[in-house]
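Worksheet: one structure, shown below.
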């Protein structure tokens, strides 16, 4: 089974307010997107599942439209949220005093099957919070590693809370430019392996005890290569990383979690990414990168078709 994920980040904000939603009503936009996705049959492609991760404001309107279609019509098309809080509500305990946060119970109550945890932007946010307390994190390698360890501990709590609520998890990992270092494989390979191993083993600690039949997919984000003007990694680099991720998973969890490429699956790179045997899918953010940047379902369909070609 190939996994295609779509992270529709700031489509809850219209362009006139600084976001990238092309409509004045983000609710109407996401309802149109869900309708088109189902009617174009992208979720019905053989051996492929499709999941959209949505901002919280768009979760209910998107699900409302999806519920109008049968399981046969929607196929393997699912909706998910962009993260859950590290604590959750429970009977006889805290009933939900987590203002401004998103407990896993609230997402599960809406019927959502997936959540994304550890996206590079979430990791960056948590590191920035820690850096406000200790400015040495930005300039001292030891402090930086200690802070990164703390981030993994927090992300692990989020993963566990999601699994406890019977949700599937896309767990994102990846190395920054600082962590990768130079372009000589003899130098960067041990550095990258050290970073990824820590993220996997710490971020997913304890999952084998509660995972059950829930899915864990690892999304690899080459953070150093994401952004305007950056050069993405080639197939050989991605193969080196995805092979190593599966090696670590076999050693620590006794199974191979699917690995998807999170550096931006596009029509231009879909066929090359698909050629990497240890990659099981991809993460899409946008489908249009020239101004005006954006997302449309027809373009997504072409990306998917190029990938499964």
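Data for the structure
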quantity: Qualifying residue in segment 180-195 (condition: modelled with pLDDT under 95, surrounded by 15 or more Cβ atoms within 10 Å (Cβ to Cβ), assigned to a helix (DSSP H, G or I) and within 20 Å of the chain's Cα centre (by Cα)); calculated: no
quantity: Flag if residue 92 is farther than 22 Å from residue 218 by Cα, at pLDDT 95 or above and out of contact with any strand residue (DSSP E or B) (no Cβ under 6 Å at 6 or more places or on another chain); calculated: no
quantity: Selected residue (criterion: modelled with the highest pLDDT) from residues of segment 197-225 that are in contact with a helix residue (DSSP H, G or I) (Cβ under 7 Å, 6 or more places away or on another chain), closer than 18 Å to residue 283 by Cβ and surrounded by fewer than 22 Cβ atoms within 10 Å (Cβ to Cβ); calculated: 216
quantity: Of residues in segment 122-143 being under 25 Å from residue 206 (Cα atoms) and free of Cβ contacts under 8 Å to residues at least 24 places away in the same chain, the one farthest from the chain's Cα centre (by Cα); calculated: 130
quantity: Some residue of segment 169-176 being over 18 Å from residue 248 (Cα atoms) and assigned to a helix (DSSP H, G or I); calculated: no
quantity: Residue within segment 140-161 that is at positive phi and in a loop (DSSP other than H, G, I, E, B) present; calculated: no
quantity: Criterion violated by residue 33 - all others in (1) in contact (Cβ under 8 Å) with a residue 60 or more places away in the chain; (2) in contact with a strand residue (DSSP E or B) (Cβ under 7 Å, 6 or more places away or on another chain); (3) assigned to a helix (DSSP H, G or I) satisfied; calculated: (2)
quantity: Candidate set: segment 274-299, residues that are touching a helix residue (DSSP H, G or I) at 6+ places or on another chain (Cβ under 7 Å) and touching a residue at least 24 places away in the same chain (Cβ under 8 Å); chosen: the one farthest from residue 207 (Cα to Cα); calculated: 297
quantity: Given (1) in contact with a helix residue (DSSP H, G or I) (Cβ under 6 Å, 6 or more places away or on another chain); (2) over 22 Å from residue 306 (Cβ atoms); (3) surrounded by fewer than 22 Cβ atoms within 10 Å (Cβ to Cβ), number of the condition residue 75 does not satisfy; calculated: (2)
quantity: Among (1) farther than 19 Å from residue 26 by Cα; (2) surrounded by fewer than 19 Cβ atoms within 10 Å (Cβ to Cβ); (3) in contact with a helix residue (DSSP H, G or I) (Cβ under 7 Å, 6 or more places away or on another chain), the one test that residue 257 misses; calculated: (2)
quantity: Selection within segment 256-273 - without any contact (Cβ under 8 Å) to a residue 12 or more places away in the chain and within 20 Å of residue 47 (Cβ to Cβ); calculated: 256
quantity: Filter pass, residue 241 being assigned to a helix (DSSP H, G or I), surrounded by 22 or more Cβ atoms within 10 Å (Cβ to Cβ) and out of contact with any helix residue (DSSP H, G or I) (no Cβ under 6 Å at 6 or more places or on another chain); calculated: yes
quantity: Residues of segment 286-297 satisfying the condition of being surrounded by fewer than 20 Cβ atoms within 10 Å (Cβ to Cβ) and part of a loop (DSSP other than H, G, I, E, B); calculated: 286, 289, 290, 291, 292, 293, 296
quantity: Complete set of residues in segment 167-179 that are more than 15 Å from residue 117 (Cα to Cα) and crowded, with 17+ Cβ neighbours inside 10 Å; calculated: 175, 176, 179
quantity: Residue check, residue 33 crowded, with 17+ Cβ neighbours inside 10 Å and more than 19 Å from the chain's Cα centre (by Cα); calculated: yes
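The values are calculated or read from the model by the stated rules, or taken from the named source; none is laboratory data. Remember, predicted model here, so these are calculated numbers, not experimental data. Cβ coordinates were reconstructed from backbone atoms using ideal geometry, including for glycine residues, and neighbour counts include every protein chain displayed.
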